[in-house]
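Structure first, commentary second.
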Amino acid sequence: MSKNINSMMLKRQSAEKRFRFYGQASLAIALIMLVVIISSMTYRSIPAFTNYGLNLNINLSNENISQDNINYRRLVRDNISLLDSGCDDRKCRKEFLRLFSSGAAYELRDTIENDPSLIGKDFSKFILFSDDADLFYKFGIDNSLPESERRLNDREITWLNGFKELGLVEKRFSTNLFTNGDSREPEIAGVLGAVIGSLLTILITLIISFPIGVLSAIYLESFAPKNKLTDFIEVNINNLAAVPSIVFGLLGLALFINFFGMPRSAPLVGGCVLSLMTLPVIIIATRASLQSVPPSIREAALAVGASEMQVVFQHLLPAALPGILTGTIIGLARAFGESAPLLLIGMVAFVVDIPGSFTDPATALPVQVYLWADSPERAFVAKTSAATLVLIFLLIIINLAAVILRKKYQLKW
Amino acid sequence: MPNYHGLFVILSSLLPCIIFLIVFISIDGFIKGVIIQNHLPNSLILLGQEEVDFSVSILRNNIHNLQSILSLEILSTDSANSLYNYYFFYRAGFLTLTICITTFLAYLAGKKLNVRFDARRNVEKILKFIFFVFSIVAVLTTFGIILSLIFETVRFFSQVSFSEFLFGIHWSPQTAIREGQVGSSGSFGAIPIFTGTLLITAISMLIAVPLGLYSAIYLSQYARPKVRNYFKPILEILAGIPTVVYGFFAALSVGPFIRSTGESLGLTVSTESALAAGLVMGIMIIPYVSSLSDDVMTAVPESLRDGSLALGATKSETIRKVIFPAALPGIVGAILLAISRAIGETMIVVMAAGLAANLTANPLSAVTTVTVQIVTLLVGDQEFDSPKTLAAFALGLVLFFITLALNILAMVTVRKYRERYE
């Protein structure tokens with residue numbers, strides 16, 4: 001008898017241990033996946049933070065030119081040709097030029113415009129290699145492939161190795177990533193345009209959804225009569241919070257763009273769409289934090305003769321404000337990472353210029369990630385990873401703000 | 001209190017003015033159109049409706065500046081001047097009208113004020129009404145979604161038959177733009193899309209439900225409060241990572257990894273396999289399952305657990321036989337919400353699942369989903385009358401109603417569960 005019980009107990013205890021282990025293992029798997037995702041993005045983004053280039057001598061001393069009539073493209077081309085390429089035909093020279101970034105002319109223009117005194121002098125200017133040459137220095141090249149299937153042919157590899165042996169090649173931190181808009185050339189493409197686009201969009205979202213969300217939550221929490229209409233509104237809000245984001249994109253396309261004729265690709269429309277999406281989040285958060293204010297406060301205020309409206313605005317709202325702001329920030333963070341609805345309203349356009357107003361064509365940072373992920377150039381893999389890191393970093397900052405706000409101002413009752 | 005008197009005057013004069021402005025802005029384009037049409041030369045009108053519409057739309061965008069009207073060279077100098085004058089008077093007249101109305105209302109409101117007038121109560125009434133209007137926005141959004149989807153869907157079904165869409169097994173919207181083949185020959189059968197969505201959702205649920213549930217059980221029943229406070233927010237980071245990051249991870253790492261693993265086992269695996277998208281989506285969904293299940297399991301009354309433990313059950317037996325059944329409705333609600341989330345998830349599948357609508361249940365082959373199709377049909381050039389574009393709205397309608405049904409079902413089960421223990 002006791003033997004039976006003992007063996008049964010052993011079984012039950014090992015079942016207990018197994019069960020507990022399953023729990024730990026599931027949690028561990030989930031957390032490991034989180035670490036894997038973040039670290040794989042980080043690891044893959046490393047090459048994007050540096051660029052290879054060389055210091056090119058620019059001869060402006062023997063030419064008699066003014067700032068207005070410089071052909072920067074030609075200037076760069078001529079000075080590159082001064083490097084020893086050993087070329088004697090056009091095709092060869094063209095190949096040689098292809099090793100350098102086509103953005104070099106713009107950078108030279110910026111340098112000279114910032115410092116016009118350079119005209120009439122000889123100076124050296126750091127210019128970037130093109131993405132293929134850059135990748136060659138970063139990863140080397142697979143020599144086993146036949147020449148025709150490689151991105152660089154044998155002659156180009158000889159040149160690149162030559163630069164290296166001469167000690168011309170230099171590795172620098174890539175500021176382009178943070179100061180430029182989008183580009184077809186991976187080495188000069190940056191996320192600034194997308195970040196500004198995202199911020200403009202989020203600003204519109206905040207302006208629209210915050211007042212509407214908070215005020216309608218106040219209405220539902222404090223003034224709404226208990227009737228069918230109020231119930232209907234509440235069910236609607238709860239349901240909207242769970243509607244797939246892409247449906248909001250369809251709404252934006254049909255309503256804002258096709259019906260109201262608002263411009264495509266504009267942060268204004270993106271902000272409108274995202275604010276409809278964020279609205280239920282803000283309403284729910286506001287209601288929850290209004291509910292968490294103890295009823296005694298309301299009763300005390302009512303007892304000394306305050307009206308309902310005065311109770312709400314002078315007592316409940318100040319007490320609930322930290323919670324409301326936290327909820328709003330979390331809602332905005334979600335909108336910040338959202339891309340599906342923006343795809344449908346045309347914010348996937350290729351936008352080189354940094355948007356300056358709410359109606360300029362713009363894209364958002366998550367959409368930029370999507371666009372770059374689709375690009376065939378290999379160098380964009382690292383760029384995309386870097387962009388996701390920037391996105392995650394910005395989201396961490398936003399969420400941190402929410403946490404700090406809550407820690408610092410939340411009242412304990 | 002004089003504040004309220006001032007506020008009363010402001011609200012009762014500005015509010016109608018704002019409503020007036022909103023109405024005006026929405027009919028402004030129409031009025032401009034009428035003015036412009038009266039100025040178009042006869043020679044242009046003879047060219048047909050399309051030409052007229054085009055000229056009206058570009059003139060409308062340039063009407064605020066005489067120089068740019070002239071530079072379009074659609075109108076003669078005289079009629080351009082006349083158009084600009086008309087526009088100018090229309091605008092000026094409107095402005096004057098608005099100011100007059102506002103002043104008049106302010107005057108009326110000011111006249112009302114006297115010692116006996118209860119300004120505060122009136123102000124509060126007006127404010128309450130404004131708040132009510134704001135709370136209607138959510139309802140309007142829902143109606144907006146339903147109306148816009150239904151409107152386009154009806155247009156879609158006037159070109160493609162209903163049964164073909166719901167029961168057809170061939171989906172190739174691209175062919176339908178060709179001349180003389182408008183929406184015929186079975187290219188809008190959505191069954192492969194629905195099965196693809198189901199397949200990916202099922203895979204993601206196979207990952208998310210066990211992992212999410214066991215994590216929730218561990219965190220709510222076993223872990224010490226300190227551990228719980230630490231790991232719960234970390235787990236929820238998974239839900240906070242933007243989906244586009246998951247999509248990129250799935251396309252860049254998971255897809256090729258599954259493919260090379262499969263190939264080393266001698267299987268043919270597509271790089272854009274349903275498995276890759278489903279796996280990554282499952283990871284994303286874990287916190288949606290665990291968070292809500294955690295809440296409902298913590299909410300099970302302490303007395304049930306104590307009773308079970310007192311009878312000699314081990315902790316795991318208590319969880320499996322007492323707490324879990326008691327929390328089941330809530331957990332089912334959580335899973336339903338997670339399914340709805342998985343069906344509506346877009347970026348992961350857009351980036352990691354395929355475009356080809358294959359009717360298959362093989363997780364290693366490429367399938368497509370409702371959301372992928374909506375995005376591919378609507379991104380890029382679109383003509384608004386082709387069944388290709390309209391099909392996206394029909395798919396959107398299906399998506400909306402399925403997720404709506406799941407959400408309502410989830411809400412009802414969770415609410416029932418809450419009522420049982422409150």
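Derivation of every value follows stated rules applied to the coordinates shown; laboratory data play no part. All of these numbers come straight from a predicted model, not from anything done at the bench. Positions of Cβ are backbone-derived with ideal geometry, glycine not excepted, and every protein chain shown enters the neighbour counts.
The 3J(HN,Hα) values that the Karplus relation (6.51, -1.76, 1.60; θ = phi - 60°) gives for the range B:298-307 are, in residue order, 5, 7, 5, x, 4, 4, 4, 5, 4, x Hz. Gly and Pro appear as x. For the range B:1-152, a/c is not less than 1.5, where a ≥ b ≥ c are the root eigenvalues of the C-alpha gyration tensor, and a/b does not top b/c. That puts it in the oblate class. Given a Förster distance of 60 angstrom, what is the FRET efficiency for A:N55 paired with A:S2, based on the Cβ-Cβ distance and rounded to 0.05? Efficiency computed from Cβ-Cβ geometry: 0.10. Distance between the modelled labels on A:L192 and B:D295, one decimal in nanometres: 4.3 nm (7 Å Cα→Cβ projection).
Bin width 10 Å, origin at 0, all Cα-Cα pairs of the range A:192-409: what percent of pairs per bin? Using 10 Å bins, I get a P(r) of 8, 29, 31, 19, 9, 3, 1, 0 for the range A:192-409. Computed over chain A with a Gaussian network model linking Cα atoms closer than 10 Å, the most mobile of A:A333, A:A401, A:A364 is A:A401.
In chain A, helical runs assigned H by DSSP with n ≥ 4 each contribute -39500 (n - 2.57); averaged across all residues and rounded to the nearest 500, the mean residue ellipticity at 222 nm is -19500 deg cm²/dmol. Calculated [222 nm] ellipticity per residue, helices only, for chain B: -25000 deg cm²/dmol; basis is -39500 (n - 2.57) per DSSP H run with n ≥ 4, divided by all residues, nearest 500.
Our summary gives chain B a relative contact order of 17 percent, counting only alpha carbon pairs under 8 angstrom and 6 or more residues apart. In order along the range B:322-333, the phi-based Karplus estimate (6.51 cos²θ - 1.76 cosθ + 1.60, θ = phi - 60°) of 3J(HN,Hα) comes to 10, 5, 4, x, 5, 8, 3, x, x, 5, 4, x Hz; Gly and Pro are listed as x.
The packing ranking of peptides B:58-65, A:248-255, B:263-270, highest mean first, is A:248-255, B:58-65, B:263-270, where packing means the average number of other beta carbon atoms within 10 angstrom of each residue.
Residue-normalised convex hull volume from the C-alpha trace of chain A: 287 Å³ per residue. Residues A:M41, B:M347, A:M33, arranged from fewest to most other Cβ atoms within 10 angstrom of their Cβ, appear as A:M33, A:M41, B:M347. Under the classification rounded if a/c is under 1.5, otherwise prolate if a/b is larger than b/c and oblate if not, where does chain B fall, given a ≥ b ≥ c as square roots of the Cα gyration tensor eigenvalues? It comes out oblate by the Cα gyration axes.
Look at the stretch A:235-241: the mean tally of other chain Cβ atoms within 10 Å of its residues' Cβ atoms is 6.
A protection proxy built from the mean count of other Cβ atoms within 10 Å ranks the segments B:371-377, B:105-111, most packed first, as B:371-377, B:105-111.
The charge dipole of the range B:1-148, taken about the Cα centre with unit charges on the Cβ atoms of Lys, Arg (+1) and Asp, Glu (-1), comes to about 1140 debye, rounded to the nearest 20. The modelled label-to-label distance for the pair B:S43/B:F20, using points 7 Å beyond Cα in the direction of Cβ, is 4.3 nm. Relative to a virtual label point 7 Å from the Cα of B:A92 in the Cα→beta-carbon direction, which members of the range B:9-50 show backbone nitrogen distances below 19 Å? Residues B:32, B:35-36 qualify, since their backbone N sits under 19 Å from the label point. Is the C-alpha gyration tensor of the protein assembly as shown telling us rounded, prolate or oblate? Criteria: a/c under 1.5 is rounded; beyond that, a/b larger than b/c is prolate, otherwise oblate. Here the protein assembly as shown falls in the oblate category. Each 5 Å bin from zero up to the one holding the largest Cα-Cα distance in the range A:2-46 carries the following percent of pairs: 6, 19, 13, 12, 10, 9, 8, 7, 5, 5, 3, 2, 1. Applying a 4.7 Å Cβ-Cβ cutoff to the protein assembly as shown leaves A:C272, B:C17, B:C100 as cysteine residues with no disulfide-compatible partner.
Each Lys and Arg Cβ is given +1 and each Asp and Glu Cβ -1; about its Cα centre, chain A then shows a dipole of about 2120 debye. Ordered by the count of other Cβ atoms within 10 Å of each Cβ, fewest first, B:V154, B:V350 give B:V154, B:V350.
Between amide H atoms placed 1.01 Å from N, distances below 5 Å from A:F129 occur with A:Y52, A:G53, A:L54, A:S101, all of them 5 or more places distant or on a separate chain. Shielding of peptide A:330-340 by partners, expressed as the average count of other chain Cβ atoms within 10 Å per residue Cβ, is 3. For chain B, a crude dipole built from +1 on the beta carbon of Lys and Arg and -1 on the beta carbon of Asp and Glu, taken about the Cα centre, is about 1940 debye to the nearest 20. For the residues of B:341-348, the average number of beta carbons from a partner chain within 10 Å of their own beta carbon is 5.
Packing, as the average of other Cβ atoms within 10 Å across residues, places the peptides A:211-224, B:155-168, A:98-111 in the order A:211-224, A:98-111, B:155-168, highest first. Put in line by how crowded their Cβ is, counting other Cβ atoms within 10 Å and starting with the fewest, B:I258, A:I29 read A:I29, B:I258.
Treating r as the C-beta distance of B:S163 and B:V52 and R0 as 25 Å, the FRET efficiency rounds to 0.05.
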